[in-house]
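A quick write-up on the structure given underneath.
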Amino acid sequence: MTDKDENMKFLNFCNEKEYVTNRTNQTCKTAIFENAEKTLFDSICKSLTDNGYTKYEERTLGDMHIYNAYRKEDRGVFVNYFENTREISVSEEDKCNYFNFNDESKPQNVKPFVSQLHLEDFGMSYAVRLSDGRFIIIDGGREFEPDAKRLYEFLKENSLTDKPDIAAWIFTHPHEDHFFGFFPFWEKYQKDVLIENILYNFPSRDDFLHYPSMKYQDKRFDYDTTIHTNMLRFEEYIKECGANVYIPHTGQKFLIGDASVEILACMDDTIHKTEYINATSLVMKMTLGGQTIFWGADAGFCYARIPERYGKYLKSDILQIPHHGFEMGDPEAEIEGYKFIKPSVCFLPVSEYNAYNVFCIHTKSTRFIMEDLNIEELITGDTTRTIYLPYTAPEYAKNEMKRKYTDGLKACGAKTWVFSNLNTGIASDLEFTFLNTTHRTAKVWIEFYFEDPGKNIRYLTVHIDPCCMKTLDITGEETDDNDVWFNWMSVKERGICKNSPFTVRFLSDLPIVVSNKNHKESYCS
């Protein structure tokens, strides 16, 4: 038992049970039980009522997920039981405002939509218009003036009133490309918009134990980009805003106008497991306009065990691909989640260039979406794109995605390169230049072929860093064959034949470009 918090008095009966507790921020703490039975869930719920708590909500997803919410004065406790993973999570919040949430929808007279806003750099900024003309904003991007202006002008253009009404602004997690955009927006447009509600569940700004990256300064910028100092600024702006503030917890459901926003995961589920701030992301399922939208933010599915916990309940019409298509954590967990979500349309909040050339097509899980998931349309972030709900992708969209995918792979180079008519006695014939234009490290296998097969060399490897050009001697120290425990065709066993004609073949796990200043490749594919 680790870090047990005596303040969660209703868990005192669990003294013999293994669980982990942590304070997630100034007002919340959470406990996680693993390898738990439903009887323990029932005991926790009974202990809550025995300690004077009143059951406020109860929801079940078959036998897969049970959620109960309890209230005692201004304190809330939210208990989740996940049958498939045998996990119980208990989140306790002091001065809990959730029970006071009561959004008053106005007359519904417009068609709802979801807009992925174009950003100066990749980040995340979405505007959802409700049927009553109000908006839900998700994140907002970086602290860039053009992005703040673009967001305001978009709201103004699509608002039914002179002053755009933001029914809820949801911040998924505290990364600069997600919540910093609120700063210039509020500074410049605070008198021109109405913000009713704000939802976010961030760690404490000084919690460097769990999240050391909160001190990280992005060296590309000459202003303070550290999370811990900007979180204080964020909290000050929130107070100025005067909106109702809510801390979302797993299992909660917010009815905002005609949109239903269900919290599938949050920081409470992952604080025990990883130091990645992305893992604190709110994972949400939204229902609006007769369709469902899965919001992945920057979450890694493995940390909150999203596929195992929810299974077929994840099914959604539209998917916001998590972490800009970079992958986060275990790609197999993401793929398993995508199989359950089975979207028809995907939002990918990066530029088309990044999506199809630099990194997304080279990540296993995002490549699965493009190749194997049979989606109808992939929407990248080169321009602001609005889809009205319910949305059906145009017939040409799938072929367009496939074409861009194929063209993107070709633009990065090839995975197989062969050079012939070389000689080991000529130093320049052993010197090759490798170009990796992707944002992932390329692993390259090098094979030497001679007239006498008994002299062939295999399994030499070299790693080419992301976005890197490297020139090296392929028999030098930068190549090795340590990946193979026993290699009877290694340089160590055979050595390199001297003054001998040879052909070399390069095999890469990513498309790259290989060149030699004296020889053109004989073959590449």
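The values are calculated or read from the model by the stated rules, or taken from the named source; none is laboratory data. Since we're looking at a predicted model, the values are computed, not measured. Quick reminder, even Gly has a Cβ in these numbers, built from the backbone with ideal geometry, and neighbours come from all protein chains shown. Ligands, DNA and RNA are excluded from the accessible area calculation, which covers all protein heavy atoms including side chains. Shrake-Rupley method; radii C 1.70, N 1.55, O 1.52, S 1.80 Å.
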Checklist entry - What is the spin-label model distance, in nm, from Tyr353 to Phe13 if the labels are put 7 Å beyond Cα along the C-beta direction? => result 6.1 nm
Checklist outcome for this item: Each label sits 7 Å from Cα toward the beta-carbon; between Asn518 and Gln108 the label points are separated, in nm, by 7.5 nm
Next on the checklist: What is the angle, in °, between the Cα long axis of helix 38-50 and the longest principal axis of the Cα atoms in the chain? Nearest 10 is fine, range 0 to 90.
Outcome noted: 30 degrees
Checklist entry - When the label point is put 7 Å from the Cα of Tyr388 along its Cα-to-beta-carbon vector, which residues of the range 75-115 have a backbone N closer than 18 Å? => result 108-115
Next on the checklist: I'd like the FRET efficiency for Thr229 and Thr416, computed as 1/(1 + (r/R0)^6) with the beta carbon distance as r and R0 of 45 Å, rounded to 0.05.
Outcome noted: 0.35
Item to check | Loop trypsin sites (Lys or Arg not before Pro), the range 154-222 (other Cβ atoms within 10 Å of the site Cβ: 10 or fewer; DSSP) | outcome: Lys191, Lys219, Arg220
Item to check | Charge dipole of the range 291-431 about the Cα centre (unit charges at C-beta), most positive-ward option of His323, Pro390, Phe301 | outcome: Pro390
Next on the checklist: Out of the total accessible area of the chain (probe 1.4 Å, heavy atoms of protein only), what percent is carbon and sulfur?
Outcome noted: 47 percent
Item to check | Helix-derived mean residue ellipticity, 222 nm - over the chain, DSSP H n ≥ 4, -39500 (n - 2.57), to 500 | outcome: -5500 deg cm²/dmol
Checklist entry - For the pair Lys191 and His463, what calculated FRET efficiency results from E = 1/(1 + (r/R0)^6), where r is the Cβ-Cβ distance and R0 = 56 Å, to the nearest 0.05? => result 0.55
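Based on Cβ point charges of +1 for Lys and Arg and -1 for Asp and Glu, what charge dipole magnitude is obtained for the range 204-269 about its Cα centre, in debye rounded to the nearest 20? Mind dumping the intermediate values first?
On the way: 7 positive and 12 negative charges, 28 e Å.
It comes to approximately 140 debye.
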Next on the checklist: Run the numbers for Glu236 and Ser428: contour at 0.36 nm per residue of separation, minus the present Cα-Cα distance, in nm.
Outcome noted: 62.9 nm
Item to check | the chain, dipole about Cα centre (Lys/Arg Cβ +1, Asp/Glu Cβ -1), debye to the nearest 20 | outcome: 800 debye
Checklist entry - Of the chymotrypsin sites (Phe, Trp or Tyr not before Pro) in the range 417-525, which ones lie in a loop per DSSP and count no more than 14 other C-beta atoms within 10 Å? => result Trp485, Phe486, Trp488
Next on the checklist: I'd like the accessible area for Ile32: 1.4 Å probe, protein heavy atoms, all chains in place, Å² to the nearest 10.
Outcome noted: 10 Å²
Checklist outcome for this item: Accessible-area order for Thr441, Thr39, largest to smallest, probe 1.4 angstrom, reads Thr39, Thr441
Next on the checklist: As an exercise, identify the trypsin sites (Lys or Arg not before Pro) in the range 302-377 lying in DSSP coil whose Cβ has no more than 16 other Cβ atoms within 10 Å.
Outcome noted: Lys315
Checklist outcome for this item: Expected unfolding gain across Glu376-Lys55 under the 0.36 nm per residue rule, minus the alpha-carbon gap, is 111.3 nm
Checklist outcome for this item: Given a Förster distance of 51 Å, the FRET efficiency implied by the Cβ-Cβ spacing of Glu395 and Asp330, rounded to the nearest 0.05, works out to 0.90
Checklist entry - Between Glu477 and Lys455, what is the spin-label point distance in nm, taking each point 7 Å from the Cα along the Cα→C-beta axis? => result 2.7 nm
